[in-house]
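Reviewing the structure listed below.
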Amino acid sequence: MRKLPGAILSLIVASILLAGCTKYANKSQMQQLADLKNEVATLQQQIKTAEQQKADLQKQVAEKKDQINKLKSNEQFLQQKLQENNQASPTSN
């Protein structure tokens, strides 16, 4: 007879614990999920924007490097012409 109240108490505790456990999400969890999905979408858009900005900057860097190479080539050409000009007409002191 002493085991019967303990068994009933155990059964009540178990039913309370099991009632709180469900495989379905509650409204709060569904709202958290929706919020997280929105945050993920926002972050993915920010990533796309950042990647586009990176590509634009890389294009600008490539253009600047091309300009630098052209200017260096022009500088070398002009220095060569100056040297040829100086050698063709040496100045007398």
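Quick note: the coordinates plus some simple rules give every number you see, no bench work behind them. Remember, it's a predicted structure, so these values are computed and weren't measured experimentally. Positions of Cβ are backbone-derived with ideal geometry, glycine not excepted, and every protein chain shown enters the neighbour counts.
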Using θ = phi - 60° and the Karplus form 6.51 cos²θ - 1.76 cosθ + 1.60, what ³J(HN,Hα) does each residue of the range 32-45 get, whole Hz, x for Gly and Pro? 4, 5, 4, 4, 5, 5, 5, 5, 4, 4, 5, 5, 5, 5
Fewest-first ordering of LYS27, LYS81 by Cβ atoms within 10 Å yields LYS27, LYS81
Which of the lysines could a cross-linker bridge to LYS23, judged by Cα under 23 Å and excluding same-chain residues fewer than eight apart? LYS37
In whole µm²/s, the translational diffusion coefficient that Stokes-Einstein assigns to the range 31-93, given a Kirkwood hydrodynamic radius over C-alpha pairs, 20 °C and 1.002 mPa s, equals 129 µm²/s
Reachable lysines from LYS59, criterion Cα separation under 29 angstrom, eight or more residues apart if same chain: LYS48, LYS70, LYS72
